[in-house]
Structures are given as structure tokens and as C-alpha cells.
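Down below is the structure, laid out as C-alpha cells.
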Amino acid sequence: MGGTSPCASCKLLRRRCAKDCIFAPYFPSDDPQKFSIVHKVFGASNVSKMLQELPAHQRADAVSSLVYEANARMRDPVYGCVGAISYLQNQVSQLQMQLAVAQTEILYIQMQQEPVMPAPASLGEPDDKSFLLHPQAYLNFASSSSNVIHDSLKRESIFGHDMVS
């Protein structure tokens, strides 16, 4: 920044901002909160060391990451970013489960609305016999979502009657 307007770091630390100040390009004087929060979590000396060890083209991304992590640490001092990531992963898992249940319910409704087709006649059987498949027969497969399917079919509030006991 030079001698005219010190960067946010030099303002907070109450020092003169040199022309080659490592903080000046990343912590402008018009956003003092950005450096303040990073300084509280990591310390100015540590941030300076980190930035000096990086090539110039990677420093802006590093500062962005430090600001994000510092904000996360202020909100959640124990887990920081990991807590936010864990929360989001849990939310994705819950939404995937809800999607599986909804897809199962759609399949069930579609099967109820399809006309019953007679089974193809095999050799030696009369043509007038037809075998009606219970909707449950479509769902007898072993997978990780079989419990979800079973539970969704048990819900009386959706279907109005029990299909699976």
C-alpha cells in the first residue's frame, strides 16, 4: 500500500505499512474485519509465515481459505469447518433417504394404476388363466433400501391401508 493508507493488518497492529507489506494485497484498509478475525484465530505472525511460504499466485486463495476457516472457528471453536462439512453431509444423507422414500411411493402408486396384465401362457397351461402379481412381489429384492421400501409401504397415512405387516 505504501505510506498513504495502511492495510487493515497494519492498522490493527498499529504499525507503518511498508511498500512490500505481505498483508496489503489481501487485507485492504476498507475491510478491517477480515484481518481482525484471521488475526484472532491464527495470529498475524503465523499468517505472515504462511503467506511467505506460498507462491504469489496461491496467496489470494490461501487468504480466502484462512478467512473462511477463521469465521467457522468463531462460530464453532471446537469443530470449525469440519463441523459445517459434517452437518452438510448429514443433511445430504437425510435428503437422499427422503428421495428414496418418495421414489418408492411413486413406484407404488404407478403400480396400482397400471392395468393388470395376464401372465404369458406357457406350454400346457390354458390361455384363460392369469396370475395377478401383488405389488409386494415387485419389491422383494435385497438392497440397502429394502427397509426404506418396507417402512414406506407400512405407512397407513399415505396409502390408507396396510400393504405389508
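The values are calculated or read from the model by the stated rules, or taken from the named source; none is laboratory data. On a predicted model such as this, the values are computed, not experimentally measured, just so you know. Backbone-built Cβ (ideal geometry, glycine too); neighbour counts: all protein chains shown. Ligands, DNA and RNA are stripped out before the accessible areas are found, and what is left, the full protein with its side chains, is counted by its heavy atoms. Shrake-Rupley method; radii C 1.70, N 1.55, O 1.52, S 1.80 Å.
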Reported to the nearest 10 Å², Val41 has, with a 1.4 Å probe, an accessible area equal to 50 Å²
Solvent-accessible area of Glu114, probe 1.4 Å, all protein chains present, reported in Å² to the nearest ten, please. 110 Å²
As an exercise, use a Förster radius of 30 Å and the Cβ-Cβ distance of Leu13 and Asp61 to find the FRET efficiency, rounded to the nearest 0.05. 0.80
Paired Rg and Dmax values of the stretch 36-101, which use every Cα atom, in angstrom: 16.2, 52
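Charges at C-beta only: +1 for Lys and Arg, -1 for Asp and Glu. How large is the resulting dipole of the stretch 1-119 about its Cα centre, in Debye rounded to 20? Walk me through the intermediate numbers first.
Values: 11 positive and 9 negative charges, 208 e Å.
Using only the charged Cβ atoms, the result is roughly 1000 debye.
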In sequence order, calculated HN-Hα J values of the stretch 61-74 (Karplus, 6.51, -1.76, 1.60; Hz; x Gly/Pro): 5, 5, 4, 4, 5, 5, 5, 4, 5, 5, 5, 5, 5, 5
In cubic angstrom, how much convex hull volume per residue do the alpha carbon atoms of the stretch 7-117 span? 159 Å³
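If packing is taken as the mean number of other Cβ atoms within 10 Å per residue, what is the order of 21-31, 87-97, highest first?
Details: 21-31: 18.1, 87-97: 10.5.
The densest-packed peptide leads the list: 21-31, 87-97.
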So how far apart, in nm, are the two label points at Tyr79 and Leu107 if each is 7 Å from Cα heading toward Cβ? 3.2 nm
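How do His57, His39 stack up against each other in accessible area, from largest to smallest, with a 1.4 angstrom probe?
Values: His57 145, His39 60 Å².
Largest to smallest exposure gives the sequence His57, His39.
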